[in-house]
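Notes to accompany the following structure.
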Amino acid sequence: MTSVKLLGVDDVLCEAHVKYGPALKKAEAAFNEALDVFGDEDFETKKGWKKEGGSPEHDIVYSKQISNGKLFALKGEIPGDSHTVFYDNWKDFEEISKWNSNYVFTKKVVELSEHADIIHYGNGDMLIVKGRDFVCTRIHRKYGDGFLLAACSVELTDIPETKSHVSVMAYCMLEREPAHWSWAIHAEGIRSECDGC
């Protein structure tokens, strides 16, 4: 039986979800990477990070080269209390594409535990860039005054690649602090190519 223990909380796969054991273990690794990123004293000050850009209001994007790719970081504000925003995204994930035009589809593939699931989502074509499609395992925990969520791409045989989207591999980490959300995205690159991408 596959299980992970993070921040004192256990996630144990039931017998019906044994085939998702590697996905849960990959989420555990992404979560531990997120703990390292957000726990690094240089993350808050952005010492050693390169400023990539930002909005006139307050959002700034930074990047940092790491041993296995490039890490991007963004800190921003989302209106609403952290509990509602987080759990709306977690529990009502399939509803996001109905109100957020950045998503063409959002589907929860399987709920692995109260704190872990596998999702499938995609965005549409933008000008000459083909739409992207992501299959990710997500895991979360309460963290300080907020939440820590890590998501990473997984390959599942029951979700084949399509010609309409480019399948992408990525890590995404999210931390909720009392006043801001911090994102760190570790871009791994494209999983596959398709005609016309």
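Values as computed for the structure displayed
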quantity	calculated
Net length gained if the chain between ASP88 and LEU156 were fully extended (0.36 nm per residue, minus Cα distance)	21.9 nm
Pair ASP42, VAL104: separation of 7 Å Cα→Cβ label points (nm)	3.9
Environment charge at LEU71 (Cβ cut-off 10 Å; Lys +1, Arg +1, Asp -1, Glu -1)	+1
Chain lengthening between GLN65 and LEU7 when straightened (0.36 nm per residue, less Cα-Cα)	18.1 nm
Cross-link pairs LYS5/LYS98; LYS75/LYS107; LYS98/LYS142; LYS46/LYS108 - those with Cα-Cα distance over 31 Å	LYS5/LYS98; LYS46/LYS108
Residues with amide H under 5 Å from that of PHE105, placed H, sequence gap 5 or more	GLY122
Separation between Cα centres of segment 6-49 and segment 80-137, rounded to whole Å	19
Compactness index (Cα Rg / 2.2 N^0.38 Å), segment 1-85	1.43
Sparse-neighbourhood loop sites, trypsin sites (Lys or Arg not before Pro) in segment 1-89 - DSSP loop, at most 13 other Cβ within 10 angstrom	LYS47
When segment 1-49 is reduced to its Cα atoms, the Kirkwood hydrodynamic radius in Å	12.4
Whole-percent pair-distance distribution, where bins are 5 Å wide, for the alpha carbons of segment 1-160	2, 7, 14, 17, 20, 19, 13, 6, 2, 0, 0
Distant-in-sequence amide H partners of GLY54 (H built 1.01 Å from N, under 5 Å)	VAL61
Magnitude of the charge dipole, segment 1-85, Cβ model with Lys/Arg +1 and Asp/Glu -1, debye to 20	420
Listed peptides 103-116, 128-141, 84-97 by packing density, highest first (mean Cβ within 10 Å)	128-141, 103-116, 84-97
Karplus 3J(HN,Hα) series, Hz, for segment 2-9 with 6.51 cos²θ - 1.76 cosθ + 1.60 (x for Gly, Pro)	8, 8, 9, 10, 10, 6, x, 10
GLU52/LYS25 FRET efficiency (R0 25 Å; Cβ-Cβ; nearest 0.05)	0.20
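FYI, it's all coordinate maths here, none of it is from the lab. Please read these numbers as outputs of a predicted model, since none were measured by experiment. Note that each Cβ is placed from the backbone with ideal geometry, even for glycine, and that neighbours are counted across all protein chains shown.
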